[in-house]
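To start, the structure under review is shown below, and the notes come after it.
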Amino acid sequence: MGRIVYGALAPHPPHLVYAENPPQNEPRAECGWETLRWGYERLRADLAKIPYDTIVVLSPHWQTYVGTHFLGVEHFRSLSVDPVFPNLFRYHYELDVDVPLAEAICSAASDDGIVTKMMRNPDFRVDYGTIVACHLVNPSWDKPIVSISSQRSAAFYSVEVMQEHMVALGRATRRAIEASDRRVVLLASESLSHRHFVTEPPVPEDMSHEHVTNHHQYLWDMKIVEMLRSGHTRQVVEQMPEFAEQAVSEADSGALTWLIAALDFPTSRAELYGYGTVIGTGNAVIGWTPGEPRP
Ligand SMILES: [Fe+2]
């Protein structure tokens, strides 16, 4: 029987890849955003002890307005350029997709009444939210991925509607994985508070300029982080409409709600690997190791 072996909140500021200087990325950095990068380093060390087959990721930067889409081509290779930070992220990616698992999750969601579509265009450019989160969790890219789009019901309807959708999608994701033979790592690729600076210092990695945009956002981040790490995940979902609006949170993508639902609203303590700001946005790297399935 397949199962979810790990789940993580895995934010995707391209700055973190830039600061690591991997061979795939063209720009070079001196340093920067170490607390988050060291957090990801510890997450990778923990994940190295857990055998798994596939990474399933939901990214805010693959935005779809009609239904939830899934990558449905076995292999992608191209250049990903961040539209806001082309000076930091010009990344040559090459990745494999676990198409059978993507199709299984797609049809499980469809069975539950969710509008879905498999994305079969071989020239499709994979979004940088998927690429950055997957790189930071598994820089060797030796595992196939399933990439799920962010259906933007929060944008055209409300956060409450988005949450209904994402809880249903999370449950369908879990059911499809358990019906497969895959051991899966889930990633919610998103920041927490998301109000960011609109100018960049001359040296982007000059950390004397880095801090949270405002105290109000910081208070929200600390509240959400504390609830997540202490197992109050159901309360996080309940607070999501206020959090999404007041902290301009990237959780409006539904990635975190989807992850919590797919993990069946974990009540165990999560591992907080790190919290840090990137251009003023709040980011936490948090991991869950699921226990035995509930009866
Ligand atoms: Fe983002």
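For segment 144-155, check the following and say yes or no: at least one residue is away from the ligand (no atom under 16 Å from the Cβ), open to solvent by 10 Å² or more (accessible area, probe 1.4 Å), part of a helix (DSSP H, G or I) and in contact with an Asp or Glu (Cβ under 8 Å, 6 or more places away or on another chain). No, the conditions are met nowhere in segment 144-155. Residues considered: Ser80, Ser59. Of these, the only one that is in contact with a Phe, Trp or Tyr (Cβ under 6 Å, 6 or more places away or on another chain), of a type outside the set (A, V, I, L, M, F, W, C) and within 16 Å of the ligand (Cβ to nearest atom) is Ser80.
For beta carbons closer than 7 Å, sequence separation of 6+ or different chains, a first residue in segment 101-123 that is over 17 Å from Gln63 (Cα atoms) and a second that is modelled with pLDDT of 95 or more and among the hydroxyl-bearing types (Ser, Thr, Tyr), the qualifying pairs are Leu101/Thr54; Leu101/Ser180; Ala104/Ser180; Ile105/Thr173; Ala109/Thr68; Ala109/Thr116; Ser110/Thr116.
If you go through segment 149-165 and pick out every residue that is out of contact with any His (no Cβ under 7 Å at 6 or more places or on another chain) and in contact (Cβ under 8 Å) with a residue 12 or more places away in the chain, you end up with 11.
So His194 passes all but one of these: (1) within 16 Å of the ligand (Cβ to nearest atom); (2) closer than 23 Å to Pro290 by Cα; (3) touching a Ser or Thr at 6+ places or on another chain (Cβ under 6 Å). Which condition number does it fail? If we test His194 against (1) within 16 Å of the ligand (Cβ to nearest atom); (2) closer than 23 Å to Pro290 by Cα; (3) touching a Ser or Thr at 6+ places or on another chain (Cβ under 6 Å), just (2) comes out false. As a summary of the residue check, Ala261 satisfies the conditions (1) assigned to a loop (DSSP other than H, G, I, E, B); (2) touching a residue at least 60 places away in the same chain (Cβ under 8 Å) except for the one numbered (1). Just give me the residues in segment 9-28 being away from the ligand (no atom under 12 Å from the Cβ) and either touching a residue at least 40 places away in the same chain (Cβ under 8 Å) or not basic (Lys, Arg) (or both), in sequence order. Correct list: Leu9, Val17, Tyr18, Ala19, Glu20, Asn21, Pro22, Pro23, Gln24, Asn25, Glu26, Pro27. With the requirement that a residue be crowded, with 24+ Cβ neighbours inside 10 Å, assigned to a helix (DSSP H, G or I) and of a type outside the set (Gly, Ala, Ser), what does segment 166-203 give you? Listed by number, the residues that qualify are Met166, Leu169, Thr173, Ile177.
On inspection, Val248 qualifies as over 15 Å from Ser150 (Cβ atoms), within 16 Å of the ligand (Cβ to nearest atom), at pLDDT 95 or above and open to solvent by 10 Å² or more (accessible area, probe 1.4 Å). Within segment 39-50, the presence of a residue that is within 15 Å of the ligand (Cβ to nearest atom) and open to solvent by less than 10 Å² (accessible area, probe 1.4 Å) is excluded.
The values are calculated or read from the model by the stated rules, or taken from the named source; none is laboratory data. As the structure is a computational prediction, the values presented were derived from the model and not from experiment. Neighbour counts run over all protein chains shown; Cβ positions are idealised from the backbone, glycine included. When the accessible area is computed, the model is the full protein with side chains, heavy atoms only, and any ligands, DNA or RNA have been set aside. Shrake-Rupley method; radii C 1.70, N 1.55, O 1.52, S 1.80 Å.
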